[in-house]
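Report on the following structure.
The values are calculated or read from the model by the stated rules, or taken from the named source; none is laboratory data. Quantities reported herein were computed from a predicted structural model and do not represent experimental measurements. Neighbour counts are summed over all protein chains in view; Cβ atoms, including those assigned to glycine, are modelled from backbone coordinates with ideal geometry.
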Amino acid sequence: MSGEMDKPLISLHLVDSDSSLAKVPDEAPKVGILGSGDFARSLATRLVGSGFKVVVGSRNPKRTAGLFPSAAQVTFQEEAVSSPEVIFVAVFREHYSSLCSLSEQLAGKILVDVSNPTEQEHLQHRESNAEYLASLFPTCTVVKAFNVISAWTLQAGPRDGNRQVPICSDQPEAKRAVSEMALTMGFMPMDMGSLASAREVEAMPLRLLPAWKVPTLLALGLFVCFYAYNFVRDVLQPYMQESQNKFFKLPVSVVNTTLPCVAYVLLSLVYLPGVLAAALQLRRGTKYQRFPDWLDHWLQHRKQIGLLSFFCAALHALYSFCLPLRRAHRYDLVNLAVKQVLANKSHLWVEEEVWRMEIYLSLGVLALGTLSLLAVTSLPSIANSLNWREFSFVQCVATSSAGNTDSGTRRPEFQSQDPHLPALHHQTSFLGSRSFCCSLVPVPTPYGHEDLSWTR
Ligand code: NAP
């Protein structure tokens, strides 16, 4: 494996002394590309680097030849499609019809459709781009592939996250040929079935974090509700009842009080569906029944909800660090000192308050640390390196220490017991709230044992 990793993606005999891509051996398989735009250029570079002989078909080869690696031949479209068996169509859908004059030369060949529709085009056309291309060239075999790979990735080389290339075609042989090319180029082909799946494949790059939509809306909704509640309690009520202007608290204090509430509710929403699922299975007396759709979706979104909970907790930690930097805090400190002098107090030290604060802070840091551990083990590269037992162990240790710290619901951050020396301000700490104790019992599902931890 390490030998494989050491191997350069671009074979050395293809690289000139000036590091540009040079000659390709004559026996290398020949691949055609129609179009000379961004995608065509990156594709040509990757194909040449992977040992293919590339011929590019352009309407104006003189203008574009200088932009391609010297090993690639850039010529007119008719000449470019005459000899290769596999031809990439790197032009937009609206220009497919302009290629119809090449029908004769293209007969019997494999056309690889790499196009991506815009969102508007996707809604406008019921037929996928690949199916449209197939209808224009009935004597060719169309394969949909590489549309999810950007020109940048092709140029920079495949990376961990975006190596998968969904491929579909009605011709298994053609699909296999293109899959082998993808493998040679360092990508992971993924069989998506017949060309009827092309619409689904073309929709893939249009999606924007689909798994995050509901959890993000949920977190935002919770934030708005808690923020409104804290605003009424900490700002509006003192204003209405005591005419105290505390609107300055809106940007920092109220946000900081809101974040841990959201974090806790989200964390509890991570473990609650597992408890419900277990209860449902106990009630039904069987594990061989599907969960209702709403519960199924909830279970599937636990990882995102957990990560959003971690995000809120981390923001709360940052906001808490900033609290003493505020002008309001400094003025309060000075006022407190003045009041202390006026009250003829020379030494302010309330042992109980000091201890309470030390413990609050320590538990807060520990809670954030363990929540970070949960978040880190949700990274696929780390989760995959742990076996089931190790993963459950990390989950158990982390959630029990983050979830069992219990120090009351609301505390004064700095509260003197002297009635003349008022509290500076209040805040709810991440650990200052009574926490949700979560269950980590694996629940049997129709597919075996369900892991109820949020990171999987
Ligand atoms: P582009 O830079 O605009 O290039 C399009 C090429 O189409 C032109 O350079 C042109 O080359 C050729 N062409 C052929 N017939 C044409 C005509 N009648 N009118 C205008 N141009 C014509 O676009 P691109 O970014 O390379 O994208 C090409 C295809 O790859 C698109 O279908 C796109 O959806 C897909 N794709 C692109 C990316 C990306 O990251 N760019 C990623 C995935 C998929 P000649 O002038 O030399 O003929």
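Return yes when P205 is at pLDDT below 95 and in a helix (DSSP H, G or I) and no when it is not. I'd like the intermediate steps shown before the answer.
Details: at pLDDT below 95: yes; in a helix (DSSP H, G or I): yes.
The answer is yes for P205.
Between a first residue in segment 170-184 that is among the acidic types (D, E) and a second residue that is assigned to a helix (DSSP H, G or I), which pairs have beta carbons less than 7 Å apart while being 6 or more apart in sequence or on different chains?
D170/L195
Within segment 57-73, restricting attention to residues that are part of a strand (DSSP E or B) and touching a Leu at 6+ places or on another chain (Cβ under 9 Å), which residue is farthest from the ligand (Cβ to nearest atom)? Steps first, answer last, please.
Step one: of segment 57-73, the residues part of a strand (DSSP E or B) are 57-58, 73.
Still in the list and also touching a Leu at 6+ places or on another chain (Cβ under 9 Å): 57-58.
On the way: G57: 7, S58: 3 Å.
The extreme case among them is G57.
Residue by residue, here is whether (1) modelled with pLDDT of 95 or more; (2) over 28 Å from L267 (Cα atoms) holds:
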{"position": "Q289", "(1), (2)": "no, no"}
{"position": "W298", "(1), (2)": "yes, no"}
{"position": "L308", "(1), (2)": "yes, no"}
{"position": "A313", "(1), (2)": "yes, no"}
{"position": "A317", "(1), (2)": "yes, no"}
{"position": "L336", "(1), (2)": "no, yes"}
{"position": "N344", "(1), (2)": "no, yes"}
{"position": "E358", "(1), (2)": "yes, no"}
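So for segment 32-43 (the condition being more than 16 Å from the ligand (Cβ to nearest atom), among the aliphatic types (A, V, I, L, M) and part of a helix (DSSP H, G or I)), does at least one residue qualify? Show your work before the answer.
The initial filter retains those residues of segment 32-43 that are more than 16 Å from the ligand (Cβ to nearest atom), namely none.
No; the residues of segment 32-43 include none that is more than 16 Å from the ligand (Cβ to nearest atom), among the aliphatic types (A, V, I, L, M) and part of a helix (DSSP H, G or I).
Is there a residue being in a helix (DSSP H, G or I) and either touching a strand residue (DSSP E or B) at 6+ places or on another chain (Cβ under 8 Å) or within 12 Å of the ligand (Cβ to nearest atom) (or both) anywhere in segment 134-146? Walk me through it before giving the result.
Of segment 134-146, the ones in a helix (DSSP H, G or I) are 134-136.
Pick out the ones that are also either touching a strand residue (DSSP E or B) at 6+ places or on another chain (Cβ under 8 Å) or within 12 Å of the ligand (Cβ to nearest atom) (or both) and you get 134.
Yes, segment 134-146 has at least one match.
Please count how many residues of segment 203-223 are exposed (fewer than 12 other Cβ atoms within 10 Å of the Cβ) and either among the basic types (K, R) or over 16 Å from the mean Cα position of the chain (by Cα) (or both).
Selection size over segment 203-223: 2.
Is there a residue in segment 197-206 that is touching a residue at least 24 places away in the same chain (Cβ under 8 Å) and within 30 Å of V255 (Cβ to Cβ)? So that I can check it myself, show each step before the final result.
Of all residues in segment 197-206, those touching a residue at least 24 places away in the same chain (Cβ under 8 Å) come to 197-199, 201-206.
Now narrow it down to the ones that are within 30 Å of V255 (Cβ to Cβ): none.
No, because not a single residue in segment 197-206 is touching a residue at least 24 places away in the same chain (Cβ under 8 Å) and within 30 Å of V255 (Cβ to Cβ).
Hey, could you check segment 151-169 for residues that are in a loop (DSSP other than H, G, I, E, B) and touching a residue at least 40 places away in the same chain (Cβ under 8 Å) and say which is farthest from the ligand (Cβ to nearest atom)? I'd like the intermediate steps shown before the answer.
Our first condition is that a residue be in a loop (DSSP other than H, G, I, E, B); within segment 151-169, this holds for 157-163.
Cutting the leftovers down to touching a residue at least 40 places away in the same chain (Cβ under 8 Å) gives us 157, 160.
Numbers: G157: 15, D160: 19 Å.
Taking the candidates together, the pick is D160.
One residue is enough: does segment 74-89 have a residue meeting the conditions in contact with an Asp or Glu (Cβ under 9 Å, 6 or more places away or on another chain), crowded, with 23+ Cβ neighbours inside 10 Å and not in a helix (DSSP H, G or I)? Don't jump to the end; show me each part of the working.
As a first pass, look at segment 74-89 and keep what is in contact with an Asp or Glu (Cβ under 9 Å, 6 or more places away or on another chain): 88-89.
Then drop every residue that is not crowded, with 23+ Cβ neighbours inside 10 Å, which leaves 88-89.
Going one step further and asking which of them are not in a helix (DSSP H, G or I), we end up with 88-89.
Looking through segment 74-89, at least one residue is in contact with an Asp or Glu (Cβ under 9 Å, 6 or more places away or on another chain), crowded, with 23+ Cβ neighbours inside 10 Å and not in a helix (DSSP H, G or I).
Got at least one residue in segment 251-266 being within 30 Å of R326 (Cα to Cα), among the polar types (S, T, N, Q) and under 22 Å from the mean Cα position of the chain (by Cα)? Outline the logic, then answer.
Of segment 251-266, the ones within 30 Å of R326 (Cα to Cα) are 251-266.
From what is left, the residues that are among the polar types (S, T, N, Q) are 253, 256-258.
Narrowing the set further to residues that are under 22 Å from the mean Cα position of the chain (by Cα) leaves none.
No, segment 251-266 has no match at all.
Within segment 93-117, which residues are more than 9 Å from the ligand (Cβ to nearest atom), surrounded by fewer than 16 Cβ atoms within 10 Å (Cβ to Cβ) and either acidic (D, E) or assigned to a loop (DSSP other than H, G, I, E, B) (or both)?
E104, A107, G108
So, A174, is that one out of contact with any His (no Cβ under 8 Å at 6 or more places or on another chain), away from the ligand (no atom under 11 Å from the Cβ) and assigned to a loop (DSSP other than H, G, I, E, B) or not? So that I can check it myself, show each step before the final result.
Numbers: out of contact with any His (no Cβ under 8 Å at 6 or more places or on another chain): yes; away from the ligand (no atom under 11 Å from the Cβ): yes; assigned to a loop (DSSP other than H, G, I, E, B): no.
No: the conditions fail for A174.
Would you confirm, using the coordinates I've provided, whether A196 is away from the ligand (no atom under 16 Å from the Cβ) and at pLDDT 95 or above? Show your work before the answer.
Values: away from the ligand (no atom under 16 Å from the Cβ): yes; at pLDDT 95 or above: yes.
Here the answer is yes, as A196 does meet what is asked.
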